[in-house]
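Have a look at the structure below, then the notes.
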Amino acid sequence: MKTQAVSHLPRLDRVVACLQQAVNDGGPLPDLEALAAVAHYSPFHFHRVYRALTGETIGRTVQRLRLLKTLQRLGRSDASVTEIALLAGYDTPQALARVLRETLNASPTELRADPGLLERHVAGLSRPASGSTAAAAPLSVEVVTLEPFEVVAMRAQGAFDDLDGAFGLLFGWAAEQGLVEQLQQLIGIPVDDHRELPAEALRFDCALALDATIPALSEPLQLRRMGGGQWARLRHVGSYSLLEEATDRLLAEWLPASGHALRDVPLHYHFLDDPEHAPEAILRADIHLPLVG
């Protein structure tokens, strides 16, 4: 975790403690809104901030904590594997054994028979997995004021790499309306993180900003108001599939030390190049992160 994020660690510790209590009690997990309140983060952005600062999703944290509790019971309890599996929320001891084999390459019996191996895995699961330590260029972030603007948007559901189809439908509508020459911006509004969900569940809002009066719209098109207020702007160069990683860096490396707080509106991407006409390595997009103030 980057040094700029150290001041945010107590907030994240409170979230992990809340999840740990729920895992220990075997009760329902708090929802994202409740966890955001515990951390004093914007509910709009909590899951992104959490992933950026910890390197793992909330779901992965819960899996890690459950597995950690299971290993601790294996090492400190005489309970049977069946009892431990049921306490951990697994339907059968075979289900627990399968998870342990897939994640730790060991069975419950092997772990109990080798206390040293078990303790090493306990130590490894006690913290999030380390992210990449490769050096990266410093971020060049601007704080800008965006005037409000309207966009014609439609929601796409499916693989991130298939968003061209949704933008194609928007272009088709603009052509029918004779508005192609008035196109100003291509905007993307990520609803979900494509690294966290299967492709068929991913939602992403595609939008066009036009320098024209927008006619009446019908589903699936909708009119949305964007901009207004202060935004952190980071220019991303490279594959558009790496925009989430660039957003992570903006949240983890720049935001904690910036003195700014996040505003409760969605972040958005301004796509500057067409992947069909520009090489992937030099594609440009501006990431806009909404700020209070």
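Readers should treat all values here as calculations from the given coordinates under stated rules, not as data from a laboratory. All figures in this text were calculated on a predicted structure; none of them were measured in a lab. Virtual Cβ from ideal backbone geometry, glycine too; neighbours counted across all protein chains shown.
Computed over region 3-125, the quotient of the alpha carbon radius of gyration and 2.2 N^0.38 Å is 1.16.
Convex hull volume per residue, computed on the Cα atoms of region 211-293, equals 135 Å³. Each of THR54, ALA95, LEU68 was scored by the projection of its Cα onto the charge dipole of region 3-125, and the greatest displacement toward the positive side belongs to THR54; charges sit on the C-beta of Lys, Arg, Asp and Glu. The mean of 1/r over all pairs of different alpha-carbon atoms in region 80-123, once inverted, gives a Kirkwood hydrodynamic radius of 10.5 Å. Out of the trypsin sites (Lys or Arg not before Pro) in region 137-211, which ones are loop residues according to DSSP with at most 15 other C-beta atoms within 10 Å? Filter output for region 137-211: ARG195. Note on region 141-291: Cα Rg divided by 2.2 N^0.38 Å, N the number of residues, gives 1.04. Calculated mean residue ellipticity at 222 nm for the chain: -11500 deg cm²/dmol, from DSSP H runs with n ≥ 4 weighted as -39500 (n - 2.57), summed, divided by the residue count and rounded to 500. Axis angle, to the nearest 10 degrees, between helix 115-125 and the longest C-alpha principal axis of the chain: 20 degrees.
Treating each Cα of region 69-184 as one equal point scatterer and applying the Debye formula with no solvent, the log10 of I(q)/I(0) at q = 0.17, 0.19, 0.20, 0.21 Å⁻¹ comes out as -0.90, -1.03, -1.09, -1.15. Using the Karplus relation 6.51 cos²θ - 1.76 cosθ + 1.60 with θ = phi - 60°, the per-residue 3J(HN,Hα) values for region 233-248 come to 10, 10, 7, 9, 10, x, 4, 5, 5, 9, 5, 5, 5, 5, 5, 4 Hz, with x marking Gly and Pro. By the Kirkwood approach, averaging reciprocal distances over each pair of separate Cα atoms, the chain gets a hydrodynamic radius of 21.7 Å. For ARG263, the residues whose amide H sits under 5 Å from its own are LEU291, VAL292, ignoring neighbours fewer than 5 places away on the same chain, with H placed 1.01 Å from N. Charge dipole of region 77-157 (Cα centre as origin; +1 on each Lys and Arg Cβ, -1 on each Asp and Glu Cβ, all else neutral): 200 debye, rounded to the nearest 20.
Basic side chains Lys and Arg get +1 at the Cβ, acidic Asp and Glu get -1 at the Cβ, and with that the dipole of the chain about its Cα centre reaches some 1380 debye. Which residue fluctuates most in the GNM of the chain (Cα springs below 10 Å): ARG249, ARG64, ARG101? Per the Cα network of the chain with a 10 Å cutoff, ARG101 tops the list. Comparing GLU219, GLU253, GLU196 in a Gaussian network model of the chain, where Cα atoms under 10 Å apart are tied by springs, the biggest mean-square fluctuation is seen for GLU219. The long axis of helix 163-176 is offset from the longest Cα principal axis of the chain by roughly 20 degrees.
Charged side chains reduced to their Cβ positions (Lys and Arg at +1, Asp and Glu at -1) give region 20-132 a dipole of some 300 debye around its Cα centre. Counting only alpha carbon atoms, the long axis of helix 58-76 and the longest principal axis of the chain meet at about 10°.
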